[in-house]
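I have placed the structure first, in the form of structure tokens, so that the comments after it can refer back to it.
Read the figures in this text as sums done on the coordinates, not as results from a lab. Quantities reported herein were computed from a predicted structural model and do not represent experimental measurements. When we count neighbours, we look across all protein chains shown, and the Cβ atoms used for this are built from the backbone with ideal geometry, even at glycine.
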Amino acid sequence: MDYEIRRVTTRSDWRGFLALPRKLYRKDPLWIPSLDSDVRRTLDSRKNPYFRSAQLGVFLCLKDGIPVARTTAVVNPAYALPGGRLPAMFGYFESDNDAAAVRALFSTVGEWCRQRGATDLHGPFHPHHYSELGLQADKFDEHVTFFQTHHPQKYLPLLEQTGFIVERMLHTRRNPDIREWLDRHPAPQALAPQLHVRPVRLSDLASELERIREVYNDAFADNCFFLPVSSDEYRFAARDLRLVTRPDLNVIVEHGEEPVGVLQCVLDVNPLLQPMRGGRATPFGVFHFLTHRSHIRRLIVYAVGIKRHWQRGRVHALLFDALHRMARNFDELETTWMSPDNAIALHAAERFGMTEDKHFAIMTRPVTVP
């Protein structure tokens, strides 16, 4: 069987790329769609500032002229490692149950990456390290929450047949009855007179995003795959953040005028995205989303960052107290992905009674496989 691998450049190719998930998940009630406009915006290398310094390839595999698999590839020279290694990232992977199609797809993708100096592939990242990432590895019969990826059980072995191995297993954490747990575990009083905690000010959002970016760039500097995020990149990524959160769910800890810690929580809006399975934000879908946000009972810890100089101080206690107050207004508390070697984050989650929930794999392989 012959397969055609295309670089997605034409309108027709983009329609095939965007429509493939709807075809594959049409009978899956757990699938949460991405809006076509959001995917297209993220993968527009002319508009997304991340691609000013990174190269993007968007690929579609066709069998008998019909799309059967897709993925993206990103090569960023800033990821160069000692010894001549340059990791590339793949993402947005989807496929029907066709190992030959996946092999053909990644053979072309690997060669494209090799020609640009990359030595190995890692992913999935949609499309980079501070976006949705990972391949769902368990609990396939349960709903995923906001910023978690949903995949069928066949994807992990399908990629393994193509030469990928599991490089790292991330996980999320959950407390399904956070209000009752907090009643039994009151927060100790957090005192730090030299520090000030306040909610994010939407009236000065541009300045607030800069302060949050400053904290994250310092706090996550030693994390795997992390690169400093520019002002343009962060504004681009955070454009729709106000749709999934509120000012009182985002706090900044300051020492004088310096931001030293950030806690960002979001609402689990996934159930409200279900009516948009067609890939478009219809008037009914938008109305349903806006009128039902206030009824959401599941809170997600989206990101927590503390500047490295302050990580042994009282900032942790202040953020713990802030999350304690936020979570009391919800029934469930979850996290986005966590690394098993992040002892500080794991300890903080345990203090809220959150236990391991879903697992997500980061896969890797050389760009060329015999």
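Values as computed for the structure displayed
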| read-out | value |
| --- | --- |
| Positive minus negative residues near residue 96 (Lys, Arg vs Asp, Glu; Cβ under 14 Å) | +4 |
| Packing-based exposure ordering (other Cβ within 10 Å, fewest first) of 125, 226 | 226, 125 |
| Gained length - residue 222 relative to residue 153, 0.36 nm times residue gap less alpha-carbon distance | 21.6 nm |
| Region 178-359: radius of gyration over Cα atoms, expressed as a fraction of 2.2 N^0.38 Å | 1.07 |
| Helix axis angle, 205-219 relative to the chain longest principal axis, alpha carbon, degrees | 80 degrees |
| Top positive-direction residue, dipole computed over region 216-353 with Cβ charges, set 269, 304, 287 | 287 |
| For region 125-263, Kirkwood radius (reciprocal of mean inverse C-alpha pair distance, Å) | 18.4 Å |
| The chain, helix-only ellipticity at 222 nm - DSSP H runs n ≥ 4, -39,500 (n - 2.57), divided by all residues, nearest 500 | -8500 deg cm²/dmol |
| Projected-area average for region 32-72 over all orientations - Cα convex hull basis, square nanometres | 3.8 nm² |
| C-alpha long axis of helix 283-292 to longest principal axis of the chain, angle in ° | 30 degrees |
| Stokes-Einstein D (µm²/s) once Rh is taken as the Kirkwood radius of region 1-133 over alpha-carbon pairs, at 4 °C in 1.567 mPa s | 85 µm²/s |
| Lys, Arg +1 and Asp, Glu -1 on Cβ, resulting dipole of the chain about Cα centre, debye, nearest 20 | 740 debye |
| Semi-axis lengths (Å, descending) of the ellipsoid that matches the C-alpha gyration tensor of region 251-307 | 33, 11, 10 |
| Largest-first ellipsoid semi-axes for the chain, taking √(5λ) over the Cα gyration tensor eigenvalues, angstrom | 36, 23, 20 |
| Subset of 27/358; 47/307; 23/154; 139/307 violating a 28 Å alpha-carbon distance limit | 47/307; 139/307 |
| Radius, Kirkwood style, for region 284-350 when every pair of distinct Cα atoms is counted (Å) | 14.1 Å |
| Per residue Cα convex hull volume in Å³ - calculated over region 209-256 | 99 Å³ |
| Listed residues 14, 323, 158: farthest to the positive end of the dipole of the chain (Cβ charges) | 14 |
| Helix 11-24 axis, angle to the chain major axis (alpha carbon atoms, nearest 10°) | 70 degrees |
| Counted charge near residue 60, where neighbours are those whose Cβ lies closer than 9 Å (Asp, Glu -1; Lys, Arg +1) | +1 |
| Check: region 178-359 dipole with +1 on Lys, Arg Cβ and -1 on Asp, Glu Cβ, in debye | 460 debye |
